[in-house]
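So the structure is just underneath, and the comments pick up after that.
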Amino acid sequence: MKLLRRKKRAGGFGLIELTLAMFVMAVGVLGGMMMIIMGMSRNNTNRVDTTATNIAQTVMEEISAAPPNVNKTLTITDCVQTNPATSTLQINTAPGGATVLNGNINFSADSATTLNASGYQMNYTVCGTNGLRAVYDVRWRVDLVGGANWSKLVTVSARQPFIASQRGISFLAPVTLRTMVGM
């Protein structure tokens with residue numbers, strides 16, 4: 001009789017235990033899948049952020065190469081407009097440009113068309129593998145610092161409009177770089 005009772009007690013999993021084990025396993029698998037999706041998203045945003053930084057640095061170096069007391073328009077090339085003689089990518093080094101808010105370029109304050117016409121905005125194209133292209137919105141502001149045009153504060157910002165318009169887990173703020181030219 002004792003042997004029979006022991007066998008009944010050691011009967012294995014019941015339906016409740018099995019359901020609870022499946023729930024715990026499903027939560028673990030879904031959590032792992034979410035980590036993979038977030039990792040892939042962060043990998044993409046890191047690539048976009050690095051490219052935006054490189055583009056902003058390129059524009060900043062072009063402006064920094066011009067003497068601070070000279071206001072001229074420079075021409076730059078990207079992977080689409082490779083000929084400097086015909087490139088429409090113009091950089092205005094005169095004081096003025098995009099609106100700055102808290103030290104950063106305010107992309108919502110100024111129209112890209114207005115800034116482009118005055119030479120303080122460009123759509124810079126980066127070509128990738130297999131013919132893929134990404135267009136970055138680049139804007140800048142040049143401010144005189146001190147008297148007699150001895151130096152300028154240059155603020156350059158770049159962003160990819162598609163990524164910037166997303167509000168999910170892959171939202172990425174524009175990259176902003178600042179430097180002093182002259183002195």
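Readers should treat all values here as calculations from the given coordinates under stated rules, not as data from a laboratory. Keep in mind it's a predicted model, so treat the numbers as computed, not measured. When we count neighbours, we look across all protein chains shown, and the Cβ atoms used for this are built from the backbone with ideal geometry, even at glycine.
Per residue of the chain, the DSSP helices (runs of n ≥ 4 H) give a summed -39500 (n - 2.57) that works out to -13000 deg cm²/dmol at 222 nm. Packing here is the average count of other Cβ atoms within 10 Å per residue, and on that basis the peptides 175-181, 31-37, 92-98, 113-119, highest first, run 92-98, 175-181, 113-119, 31-37. I'd like to know which of I16, G39, N83 lies farthest towards the positive end of the charge dipole of segment 15-182, counting +1 on Cβ of Lys and Arg and -1 on Cβ of Asp and Glu. It is N83.
For the chain, modelled as a GNM with alpha-carbon contacts under 10 angstrom, which of V29, V80, V126 fluctuates the most? Maximum fluctuation in the GNM of the chain, among the listed residues, is at V29.
Calculated on the Cα set of the chain, radius of gyration then Dmax: 27.8, 107 Å. Amide H contacts of Q121: N116, each under 5 Å away and 5 or more positions distant or on a separate chain (H built 1.01 Å from N in the peptide plane; Pro and chain starts excluded).
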